[in-house]
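Comments concern the structure below.
The values are calculated or read from the model by the stated rules, or taken from the named source; none is laboratory data. Everything numeric here is computed off the predicted structure, so don't read it as measured data. Counting neighbours? That spans all protein chains shown, and the Cβs are built from the backbone with ideal geometry, glycine included.
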Amino acid sequence: MTTTERAHIRGREAGFVHDVGAVAGRALRQIPRELTSVIPAVFVPAFFYVVNLGALDKLAGRAAGYDYKAFLLPMAIAFAVTGMSRAPTLVIDIEGGYFDRLCMTPVRRSALLLGLMVADVVVLVALCVPVLVMGFIVGVRFATGFPGLVVFVVLCALWGLVFTGFPYAVALKTGSPAAVNACFVIFFPLFFLTDAVVPKGALTGWFSDIATYNPVTYLLGALRSLITTGWVASSLWQGMGAMAGIGLVSMSLALLVLRGRVRKAN
């Protein structure tokens with residue numbers, strides 16, 4: 001082969017799906033080495049579930065009008081998946097210069113973020129399993145059967161994915177581990193100013209007003225409907241609409257900051 005012929009040879013450009021898969025694969029391979037960051041995501045929600053169930057089962061169960069074990073399960077799982085992301089690892093890549101080197105390769109820039117999110121979804125689905133098993137052990141059953149269980153896990157994973165936009169935006173903007181950890185504070189008012197632990201009918205005053213306008217209230221309502229009441233279209237649409245609203249904000253913010261970080265790296 002002559003030099004001229006070699007000059008005209010081009011390596012086949014990898015597609016977008018390949019880029020996303022490569023980034024996701026690297027992220028997933030790192031997870032077994034970082035189990036200490038995943039285990040608390042199961043232990044803490046399980047702890048809250050058991051404690052709240054033991055303390056409030058009789059009182060809140062009567063107010064809810066149905067099994068409090070089923071009422072509380074969406075709270076435990078949503079708590080488990082919220083805030084779980086590869087954002088801390090992304091910060092390490094930024095600090096070490098690895099992210100800047102990636103920006104100089106032909107990889108699609110959006111794949112640098114979307115690949116991490118694909119890995120997040122795998123982890124989020126896995127996090128649902130032990131909490132669901134705990135619920136089954138104490139007697140929780142899905143009124144919608146196995147299809148409802150699948151939809152339940154998908155909605156929980158989507159919620160966890162939607163929330164990851166915030167820590168990723170902070171990681172890309174600041175490159176600071178402390179800032180990423182601090183952004184989890186957003187989660188507490190968003191999650192606990194709802195009917196997560198006590199039925200909405202038992203809430204009063206300003207707390208009830210805030211819960212009414214809190215989108216997470218409708219996410220929890222959609223998840224509970226799959227367990228206790230069956231296929232309620234209005235509850236499911238409200239839950240998905242709430243997630244879509246938060247996702248529009250978080251993902252737009254993450255992609256906007258990603259663009260700025262890539263420009264800075266180049």
- Message: Can you list residue pairs whose Cβ atoms sit under 8 Å apart, with the first residue in the stretch 137-163 being touching a residue at least 40 places away in the same chain (Cβ under 8 Å) and the second being among the basic types (Lys, Arg) and in a helix (DSSP H, G or I)? Count only pairs 6 or more apart in sequence or on different chains.
- Response: VAL138/LYS69; GLY139/LYS69; VAL140/LYS69
- Item | Set LEU149, LEU127, LEU190: member being under 20 Å from the mean Cα position of the chain (by Cα) and at pLDDT 90 or above | LEU149
- Message: Filter the stretch 223-242 down to the residues that are under 16 Å from the mean Cα position of the chain (by Cα) and closer than 18 Å to ASP67 by Cα and list them by number.
- Response: LEU223
- For the stretch 164-195, enumerate the residues that are assigned to a loop (DSSP other than H, G, I, E, B) and surrounded by fewer than 23 Cβ atoms within 10 Å (Cβ to Cβ). GLY175, SER176, LEU193
- Query: Any idea which residue in the stretch 225-266 is surrounded by the fewest Cβ atoms within 10 Å (Cβ to Cβ), counting only those that are in a loop (DSSP other than H, G, I, E, B) and touching a residue at least 60 places away in the same chain (Cβ under 8 Å)?
  - Reply: ASN266
- Item | Of residues in the stretch 56-72 being touching a helix residue (DSSP H, G or I) at 6+ places or on another chain (Cβ under 6 Å) and at pLDDT below 65, the one surrounded by the fewest Cβ atoms within 10 Å (Cβ to Cβ) | ALA63
- For VAL198, indicate whether it is closer than 25 Å to GLY148 by Cα, in a helix (DSSP H, G or I), in contact (Cβ under 8 Å) with a residue 12 or more places away in the chain and among the β-branched types (Val, Ile, Thr). no
